[in-house]
Amino acid sequence: SYQQNNQKNIFISRGDILPTAENWLFQLISHVQMPNVGLVAPRLLTTQGNIVGNALVLGSTGVATFFAQNDSFSNAGHMCRQLIVQNPSAVTFDAVLVKSQTWMQVGGLGADFDNDTAAIDFCLRLAKNQENTNVVWNPNISLIATQGNIDRPILTDFKKNVLMERWLPEMARD
């Protein structure tokens, strides 16, 4: 838990995260302090410099896929999207900074889901319940995931069905 300017924040990450710059946490805090931001996620890279993820694309090829998964961090991507801060519908909670107030208002992670599914559910509840509050993915802040996990599945079939029942209209718009 971090506090700056009387705003409390919660940092959640997997255990194998290493920073690429000394000011990474300051950058996350600076971004999450914006009034229309509920949470911010950095870009996650493997030790070889490939994107592991954080940003998710919902509904395009299944329920959820990683944005730019396994691309080189130096690849600009389609229309340079890998280089710009953007508002995906969801991110994983592999590394994320959330405003404490947002966390409480949304109700934290759903107990009926595993990690990635709970993160998707949280982000979609944030969008639905907190008008004008965004999920932000910032590729200008990079962290290294030393364990990689490039090919990890995001969702089991059961969790996909539960998410689709709950969020199909929202996922179809992503």
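Could you calculate the FRET efficiency of Ala172 with Leu83 from 1/(1 + (r/R0)^6), where r is the beta carbon distance between them and R0 is 35 Å, rounded to 0.05?
Values: r = 27 Å, r/R0 = 0.78.
According to the calculation, E is roughly 0.80.
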Fill in the blank from the handout: Here the residues of the stretch 83-109 lying in the modelled label zone of Phe11, meaning backbone nitrogen under 12 Å from a point 7 Å along Cα-to-Cβ, are 95-98
Practice task
Would you list which lysines come within 16 Å of Lys8, measuring only between C-alpha atoms, while excluding same-chain residues fewer than 8 positions from it?
Solution key: Lys99
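Rank these by accessible area, largest first, 1.4 Å probe: Trp24, Trp167. Numbers along the way, then the final one.
Values: Trp24 50, Trp167 10 Å².
Of Trp24, Trp167, the descending order of accessible area is Trp24, Trp167.
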Exercise for the section: Quote the accessible area belonging to Glu131 in square angstrom, nearest 10, computed with a 1.4 Å probe and with ligands, DNA and RNA left uncounted. Expected result: 150 Å²
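The values are calculated or read from the model by the stated rules, or taken from the named source; none is laboratory data. Fair warning: this is a prediction, and the values are worked out from it, not measured in the lab. Glycine also receives a Cβ, built like all others from the backbone with ideal geometry; neighbour counts cover every protein chain displayed. With ligands, DNA and RNA removed, areas are computed over all heavy atoms of the protein, side chains included. Shrake-Rupley method; radii C 1.70, N 1.55, O 1.52, S 1.80 Å.
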